[in-house]
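The values are calculated or read from the model by the stated rules, or taken from the named source; none is laboratory data. Small disclaimer: the values here were computed from a predicted structure and weren't measured. No Cβ is skipped: glycine too gets one built from the backbone with ideal geometry, and neighbour counts run over all protein chains shown. Accessible surface is based on the protein model in full, side chains and every heavy atom, while ligands, DNA and RNA are left aside. Shrake-Rupley method; radii C 1.70, N 1.55, O 1.52, S 1.80 Å.
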Amino acid sequence: MDRFAEQNQFTTAEAPRSLNNNLELMKRFEGTDAGQFDKYLKGFNVKLDQLSADQIISDTAYAALKEEVYSLIGNLAENKPATASSVEGSLARLAPENAVDGFSSTRWSSAYVDDTWFQVDLGESKEFDTVSIDWENARAKTYKLLVSDDNQNWTSVIKDNDGIITAHAGKETVHFDPVTARYVKFQGVQKNTEYGYSFYEFGVYNLAGSNAVTPIDGARALIDVDAGKLTIDGLVMSGSQSKVNLKVLDSKGKVRYEGQTTSSETGRFQFTIKLVGNLKGTNDAYLWIEGMSTPVKFTFDYSKKN
């Protein structure tokens, strides 16, 4: 991220900071909480797409970071059983499993006919919303992406234009509303060259289905009983300097603290509070910045033993 920022691949200073904040929270939960790691990885992806749509990130940086997202999310089709209606010359080196083996140098290639299909069995029904095809020169002109639970009844993931997709050279990514299915099929409609269809990699990804990252996130409470001190920190996820408000209520609903601090230019903030009164039990903390309709709420427990 820092390298892209140094190379002026972003048009605002906040953009790489925002992505870095998601990365920081990913690292916090890596290997300990898969659900939280997934949340911030998908949050990173959402922010990345927003920056691209708003032309705040260069195409070069976007493509490189997007590949990292796909790598971390994981290809649901990788090393899963793949079949096809034909293989060019019946050659093993061009067999369908080569398109899901995780190697970018191997490929599947079909016979030289328009009506050709390739499909992968995910092993069980799974949710996904993205298919990526890394085309060889022999690509499609048009094709469909179909899904099924029984390998007999097929539905297009694209609802418009009778499900027909116009192909583009290189690595092509197709996004659609989330679907749940076991089988995923590429159905050729029309070839683009005199040859058949050929791709290096067929990827199936689930980039949806995560709890949204909130404007303030990663909040933590640390209590030093001996020093009688409570520290609450977190991140303004936009990566901008903001005024952060905090209210702490004890287990009986009484307000024990109200205050405001200014986050750093990267979005980090911290409150250090002298413990006064009875905070034993479960306490509620509310954090917000200007423009938030609902504060972020989190709870923390306090006892002299812990």
Which residues, taken from the stretch 75-116, are charged (D, E, K, R), more than 14 Å from S198 (Cα to Cα) and out of contact with any helix residue (DSSP H, G or I) (no Cβ under 7 Å at 6 or more places or on another chain)?
-> D101
Filter result (in contact with a strand residue (DSSP E or B) (Cβ under 7 Å, 6 or more places away or on another chain), open to solvent by 30 Å² or more (accessible area, probe 1.4 Å) and in a helix (DSSP H, G or I)) within the stretch 33-60 | none
Residues of the stretch 61-104 being open to solvent by less than 60 Å² (accessible area, probe 1.4 Å), among the hydroxyl-bearing types (S, T, Y) and under 25 Å from L48 (Cβ atoms), in sequence order, are Y62, Y70
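Would you please name the residue that is most open to solvent (accessible area, probe 1.4 Å), looking only at residues in the stretch 169-198 that are in a loop (DSSP other than H, G, I, E, B) and among the aromatic types (F, W, Y)?
Keep residues of the stretch 169-198 that are in a loop (DSSP other than H, G, I, E, B), which gives 169-170, 192-197.
Imposing the further condition that a residue be among the aromatic types (F, W, Y) reduces the set to 195, 197.
Details: Y195: 109, Y197: 0 Å².
Only one residue tops the list, namely Y195.
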Among what's in the stretch 79-108 and is in contact with a strand residue (DSSP E or B) (Cβ under 8 Å, 6 or more places away or on another chain) and among the hydroxyl-bearing types (S, T, Y), pick the residue that is modelled with the lowest pLDDT.
-> S104
Has the stretch 289-299 got at least one residue that is surrounded by 13 or more Cβ atoms within 10 Å (Cβ to Cβ), at pLDDT below 85 and either of a type outside the set (K, R) or part of a loop (DSSP other than H, G, I, E, B) (or both)?
-> no
The condition from (1) farther than 20 Å from L19 by Cα; (2) surrounded by fewer than 16 Cβ atoms within 10 Å (Cβ to Cβ) that Q119 misses is numbered (2)
Can you pull out the residues in the stretch 125-168 that are within 26 Å of the chain's Cα centre (by Cα), part of a strand (DSSP E or B) and of a type in the set (K, R)?
-> K126, K144
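Please verify whether A77 is assigned to a loop (DSSP other than H, G, I, E, B), under 19 Å from D121 (Cα atoms), in contact (Cβ under 8 Å) with a residue 24 or more places away in the chain and aliphatic (A, V, I, L, M), treating the condition exactly as stated. Give the derivation first.
Numbers: assigned to a loop (DSSP other than H, G, I, E, B): yes; under 19 Å from D121 (Cα atoms): yes; in contact (Cβ under 8 Å) with a residue 24 or more places away in the chain: yes; aliphatic (A, V, I, L, M): yes.
It is true that A77 is assigned to a loop (DSSP other than H, G, I, E, B), under 19 Å from D121 (Cα atoms), in contact (Cβ under 8 Å) with a residue 24 or more places away in the chain and aliphatic (A, V, I, L, M).
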By residue number, the members of the stretch 228-273 that are under 17 Å from G218 (Cβ atoms), of a type in the set (V, I, T) and open to solvent by less than 10 Å² (accessible area, probe 1.4 Å) are I232, V236, V244
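Determine, yes or no, whether G203 is within 16 Å of W108 (Cα to Cα), in contact with a strand residue (DSSP E or B) (Cβ under 8 Å, 6 or more places away or on another chain), open to solvent by less than 30 Å² (accessible area, probe 1.4 Å) and in a strand (DSSP E or B). Show your work before the answer.
Values: within 16 Å of W108 (Cα to Cα): yes; in contact with a strand residue (DSSP E or B) (Cβ under 8 Å, 6 or more places away or on another chain): yes; open to solvent by less than 30 Å² (accessible area, probe 1.4 Å): yes; in a strand (DSSP E or B): yes.
Yes; evaluated as a whole, the condition is true for this residue.
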